[in-house]
Amino acid sequence: MAKTKNYFVCQKCGYESLKWLGKCPSCNNWNSFVEEEKKEEKAKIAVNIKNEPKCINSIKSGEYERYDTNINELNRVLGGGLVKGSITLISGAPGIGKSTLLLQACQGIASKHGKVLYISGEESEEQIKMRSDRLSVNSSNIYILAETNMETIEVQIENIKPAFVIVDSIQTLYKSTISSAPGSVSQVRECANDIMRIAKTNNIPFFIVAHVTKQGELAGPRVLEHIVDTVLSFEGERTEEFRILRTVKNRFGTTSEIGVFEMLEDGLGEIHNPSSVFLEETNFKQEGSVVIGIMEGSRPILVEVQALVSKTNAVMPRRTAVGIDISRLNLILAVLEKKLKVPFYNCDVYVNVVGGLSIEGTYGDLGIALALISSAKGIAIKLDKTIAVGEVGLTGEVRPISFSERLINEAEKMGFENILIPSRNIHKNNKIKGIGISSLKEAINKVF
Ligand code: TYD
Ligand code: MG
(Lines give C-alpha, C1' and ligand atoms only; values in the text may rest on other atoms or scores of the structure.)
(Ligands and ions follow the chains in the order given, each with its own letter.)
Protein backbone atom coordinates (compact mmCIF):
# COMPACT_ATOMS: atom_id res chain seq x y z
CA MET A 1 0.00 0.00 0.00
CA ALA A 2 1.16 3.49 -0.69
CA LYS A 3 2.36 5.45 2.29
CA THR A 4 0.15 8.31 3.41
CA LYS A 5 1.47 11.47 4.88
CA ASN A 6 -0.38 14.46 6.28
CA TYR A 7 0.72 17.98 5.73
CA PHE A 8 -0.71 21.46 5.68
CA VAL A 9 -1.20 23.54 2.57
CA CYS A 10 -1.84 27.28 2.29
CA GLN A 11 -5.04 27.60 0.26
CA LYS A 12 -3.96 30.98 -1.04
CA CYS A 13 -0.55 30.23 -2.50
CA GLY A 14 0.04 26.50 -2.19
CA TYR A 15 2.88 26.73 0.39
CA GLU A 16 3.34 23.37 2.14
CA SER A 17 4.28 22.83 5.75
CA LEU A 18 4.55 19.79 8.04
CA LYS A 19 2.83 21.63 10.89
CA TRP A 20 -0.10 24.00 11.01
CA LEU A 21 0.79 27.67 10.79
CA GLY A 22 -1.38 30.67 11.59
CA LYS A 23 0.28 32.87 9.04
CA CYS A 24 1.70 31.76 5.74
CA PRO A 25 5.41 32.62 5.54
CA SER A 26 5.17 32.80 1.77
CA CYS A 27 2.14 35.00 1.06
CA ASN A 28 1.52 36.40 4.59
CA ASN A 29 -2.15 35.41 4.63
CA TRP A 30 -3.67 34.45 7.98
CA ASN A 31 -5.59 31.27 8.70
CA SER A 32 -5.07 29.85 5.26
CA PHE A 33 -3.62 26.43 6.16
CA VAL A 34 -5.71 23.30 5.69
CA GLU A 35 -4.62 19.77 6.45
CA GLU A 36 -4.38 17.57 3.42
CA GLU A 37 -3.41 13.97 2.91
CA LYS A 38 -1.23 12.86 0.09
CA LYS A 39 -0.59 9.28 -0.88
CA GLU A 40 3.03 9.01 -1.77
CA GLU A 41 3.45 6.78 -4.71
CA LYS A 42 6.86 5.41 -5.49
CA ALA A 43 8.25 7.67 -8.11
CA LYS A 44 8.44 5.92 -11.40
CA ILE A 45 11.81 6.54 -12.85
CA ALA A 46 11.62 6.41 -16.58
CA VAL A 47 14.62 7.35 -18.60
CA ASN A 48 14.04 8.27 -22.15
CA ILE A 49 17.45 7.90 -23.69
CA LYS A 50 16.21 9.12 -27.04
CA ASN A 51 15.48 12.55 -25.66
CA GLU A 52 18.75 14.38 -26.20
CA PRO A 53 19.49 18.08 -26.29
CA LYS A 54 19.28 19.48 -29.79
CA CYS A 55 21.17 22.34 -31.34
CA ILE A 56 18.82 25.31 -31.59
CA ASN A 57 19.60 25.71 -35.28
CA SER A 58 18.59 22.15 -36.04
CA ILE A 59 15.09 22.60 -34.57
CA LYS A 60 12.46 23.22 -37.18
CA SER A 61 10.42 26.29 -36.45
CA GLY A 62 6.96 26.78 -37.79
CA GLU A 63 3.77 28.66 -37.31
CA TYR A 64 1.55 27.43 -34.54
CA GLU A 65 -1.31 25.45 -35.93
CA ARG A 66 -4.44 27.32 -34.93
CA TYR A 67 -8.15 26.58 -34.87
CA ASP A 68 -10.64 29.20 -35.89
CA THR A 69 -13.25 29.47 -33.14
CA ASN A 70 -15.58 31.35 -35.46
CA ILE A 71 -15.74 34.13 -32.87
CA ASN A 72 -13.49 36.92 -34.08
CA GLU A 73 -13.22 38.66 -30.75
CA LEU A 74 -12.13 35.41 -29.11
CA ASN A 75 -9.63 34.64 -31.88
CA ARG A 76 -8.17 38.09 -31.41
CA VAL A 77 -7.44 37.75 -27.70
CA LEU A 78 -5.96 34.30 -28.29
CA GLY A 79 -3.51 35.89 -30.73
CA GLY A 80 -5.21 34.77 -33.94
CA GLY A 81 -7.04 31.56 -33.05
CA LEU A 82 -6.75 28.64 -30.68
CA VAL A 83 -3.31 27.00 -30.76
CA LYS A 84 -3.31 23.19 -30.96
CA GLY A 85 -2.25 21.55 -27.72
CA SER A 86 -2.50 24.80 -25.75
CA ILE A 87 -4.23 25.24 -22.40
CA THR A 88 -6.25 28.38 -21.87
CA LEU A 89 -7.64 29.42 -18.53
CA ILE A 90 -10.69 31.64 -18.55
CA SER A 91 -11.62 33.30 -15.28
CA GLY A 92 -14.42 35.58 -14.30
CA ALA A 93 -17.14 36.24 -11.77
CA PRO A 94 -20.12 33.88 -11.66
CA GLY A 95 -22.79 34.72 -14.21
CA ILE A 96 -20.51 36.80 -16.40
CA GLY A 97 -20.94 34.45 -19.36
CA LYS A 98 -17.98 32.05 -19.39
CA SER A 99 -20.06 28.95 -20.06
CA THR A 100 -22.05 30.79 -22.70
CA LEU A 101 -18.95 31.96 -24.55
CA LEU A 102 -17.38 28.50 -24.51
CA LEU A 103 -20.51 26.78 -25.73
CA GLN A 104 -20.62 29.23 -28.62
CA ALA A 105 -16.95 28.52 -29.36
CA CYS A 106 -17.80 24.78 -29.36
CA GLN A 107 -20.13 25.30 -32.27
CA GLY A 108 -17.46 27.06 -34.34
CA ILE A 109 -14.77 24.48 -33.68
CA ALA A 110 -17.09 21.46 -33.98
CA SER A 111 -18.31 22.52 -37.38
CA LYS A 112 -14.81 23.04 -38.76
CA HIS A 113 -12.34 20.90 -36.88
CA GLY A 114 -14.07 17.83 -35.44
CA LYS A 115 -15.34 16.51 -32.14
CA VAL A 116 -15.59 18.78 -29.15
CA LEU A 117 -15.95 17.49 -25.60
CA TYR A 118 -17.60 19.76 -23.05
CA ILE A 119 -16.95 18.50 -19.54
CA SER A 120 -19.23 20.08 -17.01
CA GLY A 121 -18.94 19.65 -13.28
CA GLU A 122 -21.40 22.40 -12.56
CA GLU A 123 -24.41 21.84 -14.77
CA SER A 124 -26.28 18.71 -15.79
CA GLU A 125 -26.49 17.53 -19.39
CA GLU A 126 -30.08 18.79 -19.61
CA GLN A 127 -29.11 22.24 -18.39
CA ILE A 128 -26.40 22.49 -21.01
CA LYS A 129 -28.80 21.23 -23.66
CA MET A 130 -31.32 23.92 -22.72
CA ARG A 131 -28.66 26.57 -22.97
CA SER A 132 -27.42 25.28 -26.29
CA ASP A 133 -30.96 25.40 -27.69
CA ARG A 134 -31.11 29.03 -26.72
CA LEU A 135 -27.77 29.69 -28.40
CA SER A 136 -28.61 27.62 -31.50
CA VAL A 137 -25.63 25.39 -30.79
CA ASN A 138 -26.56 22.17 -32.56
CA SER A 139 -23.50 20.57 -34.15
CA SER A 140 -23.59 16.78 -33.86
CA ASN A 141 -19.85 16.92 -33.18
CA ILE A 142 -20.42 18.32 -29.70
CA TYR A 143 -20.32 15.83 -26.81
CA ILE A 144 -21.32 16.66 -23.26
CA LEU A 145 -19.90 14.87 -20.24
CA ALA A 146 -21.20 15.72 -16.78
CA GLU A 147 -18.33 14.35 -14.72
CA THR A 148 -15.94 15.52 -12.03
CA ASN A 149 -13.57 12.60 -11.61
CA MET A 150 -10.29 13.26 -13.35
CA GLU A 151 -9.48 9.60 -14.00
CA THR A 152 -12.85 8.98 -15.68
CA ILE A 153 -12.41 12.13 -17.73
CA GLU A 154 -9.05 10.93 -18.98
CA VAL A 155 -10.52 7.60 -20.07
CA GLN A 156 -13.36 9.35 -21.90
CA ILE A 157 -10.98 11.69 -23.68
CA GLU A 158 -9.04 8.67 -24.89
CA ASN A 159 -12.27 7.04 -26.09
CA ILE A 160 -13.70 10.02 -27.93
CA LYS A 161 -10.44 11.54 -29.20
CA PRO A 162 -11.82 15.07 -29.37
CA ALA A 163 -10.23 17.95 -31.26
CA PHE A 164 -11.03 20.35 -28.45
CA VAL A 165 -11.93 19.97 -24.76
CA ILE A 166 -13.62 22.36 -22.35
CA VAL A 167 -13.45 21.87 -18.60
CA ASP A 168 -16.13 23.82 -16.74
CA SER A 169 -14.79 24.28 -14.08
CA ILE A 170 -11.41 23.22 -12.67
CA GLN A 171 -12.66 23.81 -9.10
CA THR A 172 -15.17 20.95 -9.41
CA LEU A 173 -12.66 18.31 -10.54
CA TYR A 174 -11.04 15.81 -8.20
CA LYS A 175 -8.57 12.96 -8.28
CA SER A 176 -9.39 9.99 -6.09
CA THR A 177 -5.75 9.65 -5.03
CA ILE A 178 -5.95 12.95 -3.17
CA SER A 179 -8.14 13.13 -0.10
CA SER A 180 -8.77 16.86 0.07
CA ALA A 181 -11.96 18.40 -1.25
CA PRO A 182 -12.46 19.51 -4.87
CA GLY A 183 -11.33 23.10 -5.26
CA SER A 184 -8.51 22.78 -2.71
CA VAL A 185 -5.01 23.69 -3.72
CA SER A 186 -3.78 20.13 -4.15
CA GLN A 187 -6.78 19.01 -6.17
CA VAL A 188 -6.67 22.00 -8.48
CA ARG A 189 -2.94 21.68 -8.98
CA GLU A 190 -2.94 17.94 -9.61
CA CYS A 191 -5.93 18.05 -11.95
CA ALA A 192 -4.32 20.91 -13.88
CA ASN A 193 -1.12 18.88 -14.18
CA ASP A 194 -3.09 15.94 -15.55
CA ILE A 195 -4.85 18.19 -18.03
CA MET A 196 -1.51 19.55 -19.14
CA ARG A 197 -0.16 16.07 -19.72
CA ILE A 198 -3.24 15.04 -21.71
CA ALA A 199 -3.19 18.23 -23.77
CA LYS A 200 0.49 18.08 -24.63
CA THR A 201 0.69 14.36 -25.38
CA ASN A 202 -2.42 14.31 -27.59
CA ASN A 203 -1.99 17.81 -28.99
CA ILE A 204 -5.53 18.75 -27.95
CA PRO A 205 -6.32 22.35 -27.01
CA PHE A 206 -8.09 22.76 -23.65
CA PHE A 207 -10.15 25.56 -22.24
CA ILE A 208 -10.37 25.55 -18.45
CA VAL A 209 -12.92 27.65 -16.59
CA ALA A 210 -11.75 28.96 -13.22
CA HIS A 211 -13.72 30.87 -10.63
CA VAL A 212 -12.57 34.06 -9.06
CA THR A 213 -13.01 35.04 -5.44
CA LYS A 214 -15.01 38.07 -4.36
CA GLN A 215 -11.82 40.13 -4.44
CA GLY A 216 -11.40 39.22 -8.10
CA GLU A 217 -8.48 36.88 -7.52
CA LEU A 218 -8.26 33.50 -9.08
CA ALA A 219 -9.63 31.00 -6.57
CA GLY A 220 -7.07 28.31 -5.95
CA PRO A 221 -3.35 28.46 -6.27
CA ARG A 222 -1.41 30.85 -8.39
CA VAL A 223 0.41 27.80 -9.77
CA LEU A 224 -2.54 27.38 -12.10
CA GLU A 225 -1.48 30.52 -13.93
CA HIS A 226 2.03 29.15 -14.33
CA ILE A 227 0.90 25.81 -15.71
CA VAL A 228 -1.36 27.09 -18.46
CA ASP A 229 -0.30 28.79 -21.70
CA THR A 230 -2.89 31.52 -21.81
CA VAL A 231 -4.95 33.27 -19.15
CA LEU A 232 -8.04 35.19 -20.17
CA SER A 233 -10.19 37.18 -17.84
CA PHE A 234 -13.82 37.91 -18.57
CA GLU A 235 -14.87 41.18 -17.02
CA GLY A 236 -17.86 43.44 -16.83
CA GLU A 237 -20.80 44.34 -14.67
CA ARG A 238 -23.48 41.67 -14.56
CA THR A 239 -26.11 44.36 -14.77
CA GLU A 240 -24.63 45.90 -17.89
CA GLU A 241 -24.64 44.13 -21.19
CA PHE A 242 -21.01 44.78 -22.14
CA ARG A 243 -18.43 42.11 -21.43
CA ILE A 244 -14.72 42.47 -21.95
CA LEU A 245 -12.41 39.56 -22.54
CA ARG A 246 -8.85 40.46 -21.65
CA THR A 247 -5.59 38.55 -22.10
CA VAL A 248 -3.59 38.36 -18.90
CA LYS A 249 -0.94 35.96 -20.14
CA ASN A 250 -0.36 34.53 -23.59
CA ARG A 251 2.50 32.36 -24.76
CA PHE A 252 1.23 32.65 -28.33
CA GLY A 253 0.48 36.33 -28.73
CA THR A 254 0.45 39.74 -27.08
CA THR A 255 -1.25 40.37 -23.77
CA SER A 256 -2.79 43.71 -24.49
CA GLU A 257 -5.66 42.64 -26.73
CA ILE A 258 -9.26 42.81 -25.64
CA GLY A 259 -12.43 41.34 -27.06
CA VAL A 260 -15.71 43.15 -26.59
CA PHE A 261 -19.06 41.35 -26.33
CA GLU A 262 -22.59 42.11 -25.32
CA MET A 263 -24.94 39.70 -23.60
CA LEU A 264 -28.09 39.31 -25.66
CA GLU A 265 -31.18 37.11 -25.44
CA ASP A 266 -29.51 34.49 -27.62
CA GLY A 267 -26.00 34.55 -26.21
CA LEU A 268 -22.97 36.75 -26.52
CA GLY A 269 -22.80 39.03 -29.53
CA GLU A 270 -19.50 40.38 -30.81
CA ILE A 271 -18.88 44.09 -30.92
CA HIS A 272 -16.56 44.86 -33.78
CA ASN A 273 -16.48 48.58 -33.31
CA PRO A 274 -16.34 49.27 -29.57
CA SER A 275 -15.99 53.04 -29.94
CA SER A 276 -19.41 53.32 -31.51
CA VAL A 277 -21.18 51.48 -28.69
CA PHE A 278 -19.24 53.19 -25.94
CA LEU A 279 -20.12 56.56 -27.41
CA GLU A 280 -23.72 55.65 -28.24
CA GLU A 281 -25.27 57.75 -25.50
CA THR A 282 -22.67 60.47 -25.23
CA ASN A 283 -23.99 64.00 -25.19
CA PHE A 284 -21.28 66.34 -26.25
CA LYS A 285 -20.56 69.61 -24.47
CA GLN A 286 -21.74 68.35 -21.10
CA GLU A 287 -20.21 69.65 -17.92
CA GLY A 288 -17.71 67.10 -16.56
CA SER A 289 -17.66 64.94 -19.65
CA VAL A 290 -14.75 64.42 -22.04
CA VAL A 291 -14.19 61.80 -24.72
CA ILE A 292 -10.76 60.18 -24.59
CA GLY A 293 -8.93 57.82 -26.89
CA ILE A 294 -6.98 54.82 -25.63
CA MET A 295 -5.19 51.89 -27.23
CA GLU A 296 -6.24 48.39 -26.26
CA GLY A 297 -3.61 46.25 -27.91
CA SER A 298 -3.66 47.06 -31.58
CA ARG A 299 -7.09 48.62 -31.40
CA PRO A 300 -7.94 52.27 -30.76
CA ILE A 301 -11.02 52.75 -28.60
CA LEU A 302 -12.83 55.97 -27.82
CA VAL A 303 -14.74 56.26 -24.55
CA GLU A 304 -16.38 58.96 -22.51
CA VAL A 305 -14.99 59.87 -19.11
CA GLN A 306 -17.26 61.63 -16.63
CA ALA A 307 -16.17 63.50 -13.54
CA LEU A 308 -18.22 64.92 -10.72
CA VAL A 309 -16.62 67.31 -8.26
CA SER A 310 -18.77 68.48 -5.38
CA LYS A 311 -18.02 70.53 -2.28
CA THR A 312 -17.90 68.72 1.02
CA ASN A 313 -17.20 69.53 4.65
CA ALA A 314 -15.84 66.09 5.38
CA VAL A 315 -12.32 65.95 6.78
CA MET A 316 -11.47 63.14 4.36
CA PRO A 317 -13.13 63.92 1.05
CA ARG A 318 -14.15 60.99 -1.14
CA ARG A 319 -12.13 59.83 -4.11
CA THR A 320 -14.06 57.31 -6.19
CA ALA A 321 -12.83 56.00 -9.51
CA VAL A 322 -14.67 53.48 -11.67
CA GLY A 323 -12.72 52.24 -14.66
CA ILE A 324 -9.50 54.07 -13.89
CA ASP A 325 -6.75 53.47 -11.39
CA ILE A 326 -7.37 55.43 -8.19
CA SER A 327 -3.68 56.28 -7.82
CA ARG A 328 -3.68 57.73 -11.34
CA LEU A 329 -6.66 59.89 -10.33
CA ASN A 330 -4.85 61.06 -7.20
CA LEU A 331 -1.79 61.95 -9.23
CA ILE A 332 -3.81 64.02 -11.69
CA LEU A 333 -5.62 65.77 -8.82
CA ALA A 334 -2.29 66.59 -7.19
CA VAL A 335 -0.94 68.08 -10.41
CA LEU A 336 -4.09 70.17 -10.89
CA GLU A 337 -3.95 71.48 -7.30
CA LYS A 338 -0.27 72.30 -7.34
CA LYS A 339 0.30 73.52 -10.87
CA LEU A 340 -3.05 75.08 -11.77
CA LYS A 341 -4.16 76.05 -8.26
CA VAL A 342 -7.54 74.35 -8.65
CA PRO A 343 -8.62 73.32 -5.15
CA PHE A 344 -9.88 69.75 -4.64
CA TYR A 345 -9.03 69.32 -0.93
CA ASN A 346 -12.55 70.37 0.03
CA CYS A 347 -14.34 68.37 -2.69
CA ASP A 348 -15.59 64.86 -3.21
CA VAL A 349 -14.35 63.58 -6.55
CA TYR A 350 -15.99 60.84 -8.60
CA VAL A 351 -14.71 59.65 -11.96
CA ASN A 352 -16.41 57.07 -14.16
CA VAL A 353 -15.55 55.53 -17.50
CA VAL A 354 -18.83 55.05 -19.34
CA GLY A 355 -19.70 51.55 -20.59
CA GLY A 356 -17.85 49.49 -18.00
CA LEU A 357 -14.43 49.55 -19.64
CA SER A 358 -11.39 49.68 -17.32
CA ILE A 359 -8.66 51.72 -18.83
CA GLU A 360 -5.02 51.18 -18.16
CA GLY A 361 -2.05 53.29 -19.11
CA THR A 362 -1.79 57.02 -19.42
CA TYR A 363 -3.59 57.85 -22.67
CA GLY A 364 -6.59 59.20 -20.78
CA ASP A 365 -4.74 61.58 -18.42
CA LEU A 366 -5.40 64.79 -20.33
CA GLY A 367 -9.07 63.96 -20.80
CA ILE A 368 -9.52 63.05 -17.14
CA ALA A 369 -7.86 66.30 -16.08
CA LEU A 370 -10.14 68.31 -18.37
CA ALA A 371 -13.26 66.48 -17.12
CA LEU A 372 -12.25 67.24 -13.53
CA ILE A 373 -11.72 70.93 -14.24
CA SER A 374 -14.92 71.11 -16.24
CA SER A 375 -16.92 69.77 -13.31
CA ALA A 376 -15.05 71.76 -10.67
CA LYS A 377 -15.61 75.02 -12.52
CA GLY A 378 -19.07 74.11 -13.78
CA ILE A 379 -18.34 74.78 -17.44
CA ALA A 380 -18.40 72.44 -20.41
CA ILE A 381 -15.72 72.25 -23.09
CA LYS A 382 -16.53 74.96 -25.59
CA LEU A 383 -15.33 73.10 -28.68
CA ASP A 384 -17.70 70.86 -30.61
CA LYS A 385 -17.09 67.12 -31.01
CA THR A 386 -13.73 67.06 -29.31
CA ILE A 387 -11.57 64.25 -28.08
CA ALA A 388 -8.49 64.47 -25.84
CA VAL A 389 -5.45 62.20 -25.67
CA GLY A 390 -2.17 62.64 -23.85
CA GLU A 391 -0.21 61.74 -20.77
CA VAL A 392 0.10 64.25 -17.95
CA GLY A 393 3.47 64.58 -16.24
CA LEU A 394 4.18 65.72 -12.69
CA THR A 395 5.19 69.20 -13.76
CA GLY A 396 1.90 69.72 -15.57
CA GLU A 397 3.34 69.04 -18.99
CA VAL A 398 1.46 66.97 -21.57
CA ARG A 399 3.66 64.23 -22.96
CA PRO A 400 3.47 62.51 -26.33
CA ILE A 401 1.85 59.13 -26.75
CA SER A 402 2.47 56.21 -29.06
CA PHE A 403 0.12 55.05 -31.84
CA SER A 404 -1.19 58.60 -32.19
CA GLU A 405 -1.91 58.11 -35.88
CA ARG A 406 -4.30 55.24 -35.21
CA LEU A 407 -6.12 57.27 -32.58
CA ILE A 408 -6.43 60.24 -34.92
CA ASN A 409 -7.81 58.00 -37.67
CA GLU A 410 -10.31 56.42 -35.30
CA ALA A 411 -11.47 59.83 -34.07
CA GLU A 412 -11.89 60.95 -37.66
CA LYS A 413 -13.81 57.80 -38.50
CA MET A 414 -16.14 58.38 -35.55
CA GLY A 415 -16.93 61.88 -36.81
CA PHE A 416 -14.95 63.98 -34.36
CA GLU A 417 -13.97 67.48 -35.45
CA ASN A 418 -11.18 68.37 -33.00
CA ILE A 419 -8.50 66.39 -31.28
CA LEU A 420 -6.48 67.73 -28.36
CA ILE A 421 -3.18 65.96 -28.72
CA PRO A 422 0.42 66.40 -27.55
CA SER A 423 2.15 68.82 -29.96
CA ARG A 424 4.73 66.23 -31.02
CA ASN A 425 1.94 63.88 -32.12
CA ILE A 426 0.29 66.31 -34.56
CA HIS A 427 0.05 64.84 -38.05
CA LYS A 428 -0.57 66.83 -41.17
CA ASN A 429 -3.08 65.83 -43.83
CA ASN A 430 -5.96 64.96 -41.54
CA LYS A 431 -9.52 66.17 -41.87
CA ILE A 432 -9.88 66.36 -38.11
CA LYS A 433 -8.41 69.51 -36.59
CA GLY A 434 -5.37 68.69 -34.45
CA ILE A 435 -4.89 71.06 -31.53
CA GLY A 436 -1.33 70.72 -30.25
CA ILE A 437 -0.98 70.77 -26.47
CA SER A 438 2.23 70.90 -24.48
CA SER A 439 0.93 71.63 -20.99
CA LEU A 440 -2.26 71.37 -18.98
CA LYS A 441 -2.39 75.16 -18.70
CA GLU A 442 -2.38 75.47 -22.47
CA ALA A 443 -5.12 72.87 -22.83
CA ILE A 444 -7.33 74.68 -20.38
CA ASN A 445 -6.87 78.01 -22.13
CA LYS A 446 -7.87 76.42 -25.41
CA VAL A 447 -10.98 74.54 -24.35
CA PHE A 448 -12.69 76.60 -21.65
P1 TYD B 1 -23.10 31.91 -17.83
O2 TYD B 1 -22.46 31.61 -19.14
O3 TYD B 1 -23.83 30.80 -17.17
O4 TYD B 1 -22.05 32.50 -16.81
P5 TYD B 1 -20.82 31.80 -16.09
O6 TYD B 1 -20.57 30.50 -16.74
O7 TYD B 1 -19.70 32.79 -16.28
O8 TYD B 1 -21.18 31.70 -14.66
O9 TYD B 1 -24.07 33.14 -18.11
C10 TYD B 1 -24.95 33.49 -17.15
C11 TYD B 1 -25.77 34.72 -17.43
O12 TYD B 1 -25.92 35.08 -18.78
C13 TYD B 1 -27.14 34.37 -16.94
O14 TYD B 1 -27.38 35.17 -15.80
C15 TYD B 1 -28.09 34.67 -18.02
C16 TYD B 1 -27.28 35.36 -19.06
N17 TYD B 1 -27.61 34.89 -20.41
C18 TYD B 1 -28.23 35.74 -21.31
O19 TYD B 1 -28.53 36.89 -21.01
N20 TYD B 1 -28.48 35.31 -22.59
C21 TYD B 1 -28.17 34.05 -22.98
O22 TYD B 1 -28.42 33.69 -24.14
C23 TYD B 1 -27.53 33.16 -22.03
C24 TYD B 1 -27.18 31.76 -22.40
C25 TYD B 1 -27.26 33.63 -20.78
MG1 MG C 1 -20.76 28.57 -15.90
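The values are calculated or read from the model by the stated rules, or taken from the named source; none is laboratory data. In this text, all values refer to a predicted model and were calculated from it rather than measured experimentally. We place every Cβ from the backbone using ideal geometry, glycine too, and count neighbours over all the protein chains shown. With ligands, DNA and RNA removed, areas are computed over all heavy atoms of the protein, side chains included. Shrake-Rupley method; radii C 1.70, N 1.55, O 1.52, S 1.80 Å.
Say each of Asn72 and Asn202 gets a label point 7 Å from the Cα, pointing the same way as Cα to Cβ; how far apart are those two points in nm?
Placing both labels 7 Å beyond Cα along the Cβ direction yields 3.3 nm.
When the Kirkwood hydrodynamic radius is evaluated over all pairs of different C-alpha atoms of region 102-189, what value in angstrom, to one decimal, is obtained?
13.5
Under the 0.36 nm per residue contour assumption, what length would be gained going from the current alpha-carbon distance of Val248 and Leu18 to full extension?
Stretched fully, the Val248-Leu18 segment lengthens by 79.4 nm.
Determine the share of the chain's accessible area contributed by carbon and sulfur atoms, expressed in whole percent, with a 1.4 angstrom probe.
Exposed carbon and sulfur together represent 49 percent of the surface.
Which value results for Rg/Rh of region 180-314 when Rg is the Cα radius of gyration and Rh the Kirkwood radius based on the inverse mean 1/r?
Checking Rg against Rh, the ratio lands at 1.08.
Reachable aspartates and glutamates from Lys200, Cα under 20 Å, same-chain residues fewer than 8 places away excluded?
Of all the aspartates and glutamates, those that pass the test against Lys200 - Cα under 20 Å, at least 8 places apart if same chain - are Glu52, Glu63, Glu65, Asp68, Glu151, Glu154, Glu158, Asp168, Glu190, Glu225, Asp229.
Among 364-371, 315-322, 76-83, what's the highest-first ranking by average C-beta atoms within 10 angstrom per residue?
Descending packing order for the listed peptides: 364-371, 76-83, 315-322.
If one takes the longest principal axis of the Cα atoms in the chain, at what angle in degrees, from 0 to 90 and to the nearest 10, does the Cα axis of helix 125-134 lie?
Taking the Cα atoms of the chain, the angle to 125-134 is about 40 degrees.
Determine the gain in length on full extension of the stretch Lys161-Glu35; use 0.36 nm per residue of separation and subtract their C-alpha separation, reporting nm with one decimal.
Taking Lys161 through Glu35 to full extension adds about 41.7 nm, to one decimal.
Using the 2.2 N^0.38 Å rule of thumb for compact globular proteins, work out how the chain stacks up: its C-alpha Rg over that value, please.
Here the answer is 1.15, to two decimals.
Round to a whole angstrom and tell me the spacing of the C-alpha centers of region 152-204 and region 56-129.
Each part's Cα centre sits 16 Å from the other's.
Based on alpha-carbon centroids, what's the gap between region 367-421 and region 309-365 in Å, whole number please?
When both Cα centres are located, 16 Å separates them.
Which of the peptides 305-312, 120-127 is most tightly packed, and how do the rest follow, going by the mean number of other Cβ atoms within 10 Å of each residue?
Output ranking for 305-312, 120-127: 305-312, 120-127.
Would you kindly state how much longer the chain becomes between Val315 and Glu405 on full extension, computed as 0.36 nm times their sequence separation minus their alpha carbon distance, in nm to one decimal?
Length gained between Val315 and Glu405: 27.9 nm.
For the cross-link pairs Lys341/Lys431; Lys338/Lys431; Lys339/Lys382; Lys382/Lys413; Lys5/Lys161, which exceed 26 Å when the distance is taken from alpha carbon to alpha carbon?
Result: Lys341/Lys431; Lys338/Lys431; Lys5/Lys161 exceed 26 Å.
Put +1 on the Cβ of each Lys and Arg and -1 on the Cβ of each Asp and Glu in region 64-272; which of Ile160, Ser86, Phe207 then has its Cα farthest toward the positive end of the dipole?
After comparing all options, I get Ser86.
How much net charge surrounds Ser358 when only other residues with a Cβ under 9 Å from its Cβ are counted (Lys, Arg +1; Asp, Glu -1)?
My count for the surroundings of Ser358 gives -2.
So how do 91-100, 15-24, 327-336 stack up, highest first, on mean other-Cβ count within 10 Å?
Sorting 91-100, 15-24, 327-336 by mean packing, highest first, produces 91-100, 327-336, 15-24.
For region 64-272, what are the per-bin percents of Cα-Cα distances with bins 10 Å wide, up to the bin holding the maximum?
Binned Cα distances yield the sequence 9, 38, 40, 12, 0.
Between the helical axis of 326-340 and the dominant principal axis of the chain, each derived from Cα atoms, what acute angle in degrees is found, rounded to the nearest 10?
With rounding to tens, the tilt is 20 degrees.
Output ³J(HN,Hα) for region 394-402: one whole-Hz value per residue in order, computed from phi by the Karplus curve 6.51 cos²θ - 1.76 cosθ + 1.60 with θ = phi - 60°, and x for Gly and Pro.
3J(HN,Hα) across region 394-402, in whole Hz: 5, 8, x, 7, 10, 9, x, 10, 8.
Take region 310-448, drop everything but the C-alpha atoms, weight them equally and run the Debye formula without solvent; then report log10 I(q)/I(0) at 0.15, 0.19, 0.21, 0.22 Å⁻¹ to two decimals.
Reported log10 I(q)/I(0), two decimals: -0.73, -1.16, -1.38, -1.48.
Go through the cysteines of the chain and tell me which have no other cysteine Cβ under 4.7 Å away.
Cys55, Cys106, Cys191, Cys347
Determine the calculated [θ] at 222 nm for the chain from helices alone, applying -39500 (n - 2.57) to every DSSP H run no shorter than 4 residues and normalising by the residue count; nearest 500 deg cm²/dmol.
It lands at -8000 deg cm²/dmol.
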